[in-house]
Amino acid sequence: MIFSERLKQEREKRGWSQTELAEKIQVSRQAVSKWETGKNYPSIEVIIDLSDLFGITIDELLRSDEELKAKVIQDSKQLAYPKWKVFFDSVFLLGALMLVVKLGILALNHFAGTNITILEGLPKAVPNFLPLALMLIGGIASDQLKNKYVD
């Protein structure tokens, strides 16, 4: 039996309307209707709530519905370290911004005849390679993290 049929069967067995079920799990009646017609599937959190409400295992709700199982698996994948990914994306963007600013200053110095210095007092390698280093570190680390999921 697929999920939509099982959901409707369990709801009707208890004599509940779609509206009553929706109120019990705090969703709209339209959501319940879409689940029962197979037009949409609930999130894993709602599936857990339904399992608890009906007193049946999640396995009993999902076992025969391959499409829903695939959706639940996809929905349950979360980045293991989302804050680190955001951090490394920010490091990459900072490096890119520094590179644009450096190129802008070099263009002004060359074409407008200004004499703007970048991070005076530091070794020349720092302002020359810092943007590139930040972009490389941020890009590589972000790319490594994007495929790491919680198992």
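The values are calculated or read from the model by the stated rules, or taken from the named source; none is laboratory data. Computed from a predicted model, the values in this text were never measured in an experiment. Reconstructed Cβ throughout: ideal geometry from the backbone, glycine too, with neighbour counts over all protein chains shown.
Tabulated results
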quantity	calculated
Qualifying residue in region 56-73 (condition: farther than 30 Å from Ile2 by Cα and either modelled with pLDDT under 85 or surrounded by 13 or more Cβ atoms within 10 Å (Cβ to Cβ) (or both))	no
Test: Ala22 is farther than 30 Å from Asp143 by Cα, touching a Pro at 6+ places or on another chain (Cβ under 8 Å), modelled with pLDDT of 90 or more and not hydroxyl-bearing (Ser, Thr, Tyr)	no
Test for Gln18: is it surrounded by fewer than 13 Cβ atoms within 10 Å (Cβ to Cβ), in the same structural domain as Ala70 (by TED's automatic domain parsing) and not β-branched (Val, Ile, Thr)	no
Selection within region 51-66 - touching a Phe, Trp or Tyr at 6+ places or on another chain (Cβ under 9 Å) and in a helix (DSSP H, G or I)	Glu60, Leu61, Leu62
Positions within region 114-151 being within 19 Å of Leu93 (Cβ to Cβ) and of a type outside the set (A, V, I, L, M), in sequence order	Pro127, Phe129, Pro131, Gly138, Gly139, Ser142, Asp143, Gln144, Lys146
Residue match in region 108-122 (condition: part of a helix (DSSP H, G or I), surrounded by 13 or more Cβ atoms within 10 Å (Cβ to Cβ) and either of a type in the set (Asp, Glu) or not assigned by TED's automatic domain parsing to the domain that holds Ile44 (or both))	yes
Looking only at region 28-48, and only at residues there that are over 22 Å from the mean Cα position of the chain (by Cα) and more than 15 Å from Ile2 (Cβ to Cβ), the one that is surrounded by the most Cβ atoms within 10 Å (Cβ to Cβ)	Val32
Flag if Gly104 is at pLDDT 90 or above and on the phi > 0 side of the Ramachandran plot	no
